[in-house]
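Since the structure comes first, as structure tokens, the remarks are kept for the end.
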Amino acid sequence: MLALGFAAVPLYRMFCQVTGFGGTTMRSATGIAPGEVAGKIVNVRFDANVSPALPWRFAAEKTVARVAIGARQMAFFTATNLSDHPITGTAAFNVTPEQAGPFFTKIQCFCFTSQTLKPGETVRMPVIYYVDPAILNDKDARQLNEITLSYTFFPDKSAVDSGRAGG
């Protein structure tokens, strides 16, 4: 039972990434967007949050982007370590409304790996993504005009930065 409990979290995460369940975005295996689909534009909103346990400032450089369905896009976020020691954080993410999750595909993202920031360091982090044209064939998602990509940074408890992971 103990082994099953430890395996449940990674198995659930894999399930969500494969199916888009719970607003989980898809991850591109090829890194190639399908190309613009004329006539359909959606607004993509970017939301940035930080756990109270992580002394970072984290924000989207632009809070809204008008995006052509199928076109490869890039957004930038900045993170600053406000502490006096190195800290490693990891970002959790989701997409709302939930119906958009299976169609929001990230090609490159800072959320795929942990981020270590030195004291006072500010980094600029890109997200490369596209909205899959298959969204136009989904009866529940094709009417969406706005999608929100939300990130929350947490201390990475598995990292050891000078003896401190999250502060």
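The values are calculated or read from the model by the stated rules, or taken from the named source; none is laboratory data. Since the model is a prediction, treat every value here as computed from it, not as a measurement. Cβ placement follows ideal geometry from the backbone for every residue including glycine, while neighbour counts extend to all protein chains displayed. Quick note on the areas: whole protein, heavy atoms, side chains included, nothing else; ligands and nucleic acids left out. Shrake-Rupley method; radii C 1.70, N 1.55, O 1.52, S 1.80 Å.
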Q) Consider N43 against the criteria (1) at pLDDT 95 or above; (2) open to solvent by 50 Å² or more (accessible area, probe 1.4 Å); (3) farther than 17 Å from S114 by Cα; (4) not small (G, A, S): it satisfies all of them except one. Which criterion is unmet? A) (2)
**Q.** Residues that are of a type outside the set (S, T, Y) and surrounded by fewer than 17 Cβ atoms within 10 Å (Cβ to Cβ), drawn from the range 112-130
**A.** F112, K118, P119, G120, E121, V123, R124, P126, I128
Q | Residue that is within 18 Å of the chain's Cα centre (by Cα), in a helix (DSSP H, G or I) and polar (S, T, N, Q), where the choices are Q108, Q99 | A | Q99
(Q) Can you tell me which residue is surrounded by the most Cβ atoms within 10 Å (Cβ to Cβ) among those in the range 131-144 that are under 13 Å from R72 (Cα atoms) and touching a Phe, Trp or Tyr at 6+ places or on another chain (Cβ under 8 Å)? (A) V131
Q) Residues of the range 111-129 being under 15 Å from S150 (Cα atoms) and in a strand (DSSP E or B), which ones? A) M125, P126, V127, I128, Y129
Q: Tell me, yes or no, whether the range 77-84 has at least one residue that is under 18 Å from the mean Cα position of the chain (by Cα) and not in a strand (DSSP E or B).
A: no
Q. So is T96 in contact (Cβ under 8 Å) with a residue 60 or more places away in the chain and under 17 Å from F153 (Cα atoms) or not?
A. no
Q: Could you figure out which of (1) more than 21 Å from L144 (Cβ to Cβ); (2) open to solvent by less than 40 Å² (accessible area, probe 1.4 Å); (3) not in a strand (DSSP E or B) isn't true of A48?
A: (3)
**Q.** Among residues of the range 57-73, those that are more than 17 Å from E146 (Cα to Cα), part of a strand (DSSP E or B) and either free of Cβ contacts under 8 Å to residues at least 12 places away in the same chain or open to solvent by 60 Å² or more (accessible area, probe 1.4 Å) (or both), counted
**A.** 1
Q. Modelled with pLDDT under 95 and either of a type in the set (D, E, K, R) or touching a Cys at 6+ places or on another chain (Cβ under 7 Å) (or both) - does that describe any residue in the range 112-127?
A. no
Q | Positions within the range 41-68 being of a type in the set (V, I, T) and closer than 17 Å to I87 by Cβ, in sequence order | A | V50
Q: Only residues that are open to solvent by 50 Å² or more (accessible area, probe 1.4 Å) and over 29 Å from G120 (Cα atoms): list them for the range 74-108, please.
A: T96, E98, Q99
